[in-house]
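One structure below.
Here, each number is a calculation from the coordinates, and none is a lab measurement. Predicted, not measured: the structure shown is a model, and the values here were computed from it. Cβ placement follows ideal geometry from the backbone for every residue including glycine, while neighbour counts extend to all protein chains displayed.
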């Protein structure tokens with residue numbers, strides 16, 4: 001069985017500040033991990049994915065995430081928030097024979113001017 | 001088009017009616033997934049098609065839900081005798097194969113009155 005926990009359903013940061021969105025996963029086999037972003041009234045867009053290569057994964061729009069097996073975490077970061085980063089962010093896992101993604105409940109990011 | 005498309009974008013129906021939602025995959029994508037996103041929640045897996053293999057229906061919440069896909073073409077998700085708890089955004093995703101990145105459509109927002 002696989003599961004994802006996103007700590008913090010709402011996160012607010014000031015423009016220019018560090019963005020940190022937390023994701024912890026549970027999987028009995030090595031996982032594939034994903035971050036997706038959902039802008040208002042739009043579909044999900046892939047930010048980045050981890051597939052057992054480098055543990056530090058760089059994605060689009062300046063985001064990156066680090067896979068830490070010992071902590072079962074895959075937190076998403078961005079050094080400097082932009083107003084355009086305001087959106088909902090979802091962490092997801094797939095592992096083993098389960099091709100479908102299991103999603104966390106999402107984190108709504110607000111960027112304050 | 002280049003992406004996954006879904007129709008209709010919005011559907012309002014009365015309780016007890018049947019609805020049919022459509023997903024047009026990216027050309028060449030053999031894998032197709034349906035997910036449900038209830039308000040304020042993450043995505044729930046519903047069903048997975050891979051080529052001509054038997055679909056994985058393990059996520060369907062009840063026998064009122066069914067889906068079809070012929071080969072690598074269009075898929076339809078049918079909900080019979082809709083209930084108010086079926087109100088959600090229904091998202092379709094496709095990938096080149098079952099192990100690859102999933103690309104999401106914009107979704108169909110279903111409202112059951």
Normalised contact order of chain A, rounded percent, pairs of Cα under 8 Å and 6 or more residues apart: 38 percent
With an 8 Å cut-off on Cα pairs and a minimum separation of 6 or more residues, tell me the relative contact order of chain B in percent. 38 percent
Please work out the FRET efficiency for the pair residue A:58 and residue B:10, using the Cβ-Cβ distance as r and a Förster radius of 35 Å; give the result to the nearest 0.05. 0.45
Just rank B:11, A:78, B:57, fewest to most, by other beta-carbon atoms within 10 angstrom. B:57, B:11, A:78
16 Å cut-off, amide nitrogen to a point 7 angstrom out along residue B:111 Cα→Cβ, residues in the range A:35-57: A:41
Partner chain Cβ atoms within 10 Å, averaged over the residues of B:41-48 - can you pull that number for me? 5
Could you work out how far the C-alpha centroid of the range A:1-62 sits from that of the range B:43-113, in angstrom? 23 Å
What is the distance, in nm, between label points placed 7 Å from the Cα along the Cα-to-Cβ direction at residue A:46 and at residue A:12? 3.4 nm
Give me the Debye-computed log₁₀ of I(q)/I(0) at q = 0.18, 0.23 Å⁻¹ for the range A:24-72, equal point scatterers on Cα only, no solvent, two decimals. -0.61, -0.88
Just tell me how shielded B:95-101 is by partners: mean number of partner chain Cβ atoms within 10 Å of each residue's Cβ, no decimals. 3
How do B:95, B:66 line up, fewest other C-beta atoms within 10 Å first? B:66, B:95
Inter-chain shielding of A:100-107 (mean C-beta neighbours from other protein chains, 10 Å cut-off): 6
Give the shape of chain A as rounded, prolate or oblate, defined through the alpha-carbon gyration tensor: a ≥ b ≥ c are the square roots of its eigenvalues, a/c under 1.5 means rounded, and otherwise the shape is prolate if a/b is larger than b/c and oblate if not. prolate
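Per residue, what volume in Å³ does the convex hull of the Cα atoms of the protein assembly as shown enclose?
That works out to 122 Å³ per residue.
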Please check which bits of the range B:25-61 a label hung off residue B:80 would reach, taking the label as a point 7 Å along Cα-to-C-beta and the cut-off as backbone N under 15 Å. B:61
Tell me the volume per residue, in Å³, of the convex hull enclosing the alpha carbons of chain B. 92 Å³
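At a 10 angstrom cut-off on C-beta neighbours, averaged per residue, how do the peptides A:21-29, B:78-86 rank from highest to lowest?
Answer by packing, highest mean first, reads A:21-29, B:78-86.
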